[in-house]
Amino acid sequence: MDNRNVIFRSSCGANAQRIADDAVSDNVDPHNPIADVISYQSQLEKIRLKKEKRRLESENQSLKEEITCKQCHKHEIEMVFLPCGHVITCESCGTKARICFSCKQVIKGIAKFYSA
Ligand SMILES: [Zn+2]
Ligand SMILES: [Zn+2]
């Protein structure tokens, strides 16, 4: 038994749990098996969160691509071509277009669309 434990054991109250922990580690194992389980679980949780982060990043990326102008790949999609109804360009690309970039129909009109 080392001096540190003797000191803890001679004190009382707040150190009671600490003394109990020391008693376990004195008798059984150099490291606490419960702490091992907890660190294992937190490792699993970290891995799970990393995977989730990657999934959300790729989902976010594909959602961004989905709302990005298919012509200039810079601005958000804002225009709908009529009559075909394709929604694929930003305002500046849409106003310049004469045929739909997707179905090649002649554009008779364009309209700005708003979500919500
Ligand atoms: Zn554009
Ligand atoms: Zn079209």
Within the stretch 93-106, considering residues that are surrounded by fewer than 15 Cβ atoms within 10 Å (Cβ to Cβ) and not in a loop (DSSP other than H, G, I, E, B), the one farthest from ligand 1 (Cβ to nearest atom)
Val106
Of all residues making up the stretch 58-92, the number that are surrounded by 13 or more Cβ atoms within 10 Å (Cβ to Cβ) and polar (S, T, N, Q)
4
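Residues checked against (1) in a helix (DSSP H, G or I); (2) closer than 19 Å to Ser102 by Cα; (3) free of Cβ contacts under 8 Å to residues at least 12 places away in the same chain:
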position: Ala35; (1), (2), (3): yes, no, yes
position: Ile38; (1), (2), (3): yes, no, yes
position: Gln41; (1), (2), (3): yes, no, yes
position: Lys46; (1), (2), (3): yes, no, yes
position: Lys50; (1), (2), (3): yes, no, yes
position: Arg55; (1), (2), (3): yes, no, yes
position: Asn60; (1), (2), (3): yes, no, yes
position: Glu65; (1), (2), (3): yes, yes, yes
position: Gln71; (1), (2), (3): no, yes, no
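FYI, it's all coordinate maths here, none of it is from the lab. No experiment lies behind these values; they were computed from the predicted model shown. As a convention, Cβ positions derive from the backbone with ideal geometry for all residues, glycine included, and neighbour counts pool all protein chains shown.
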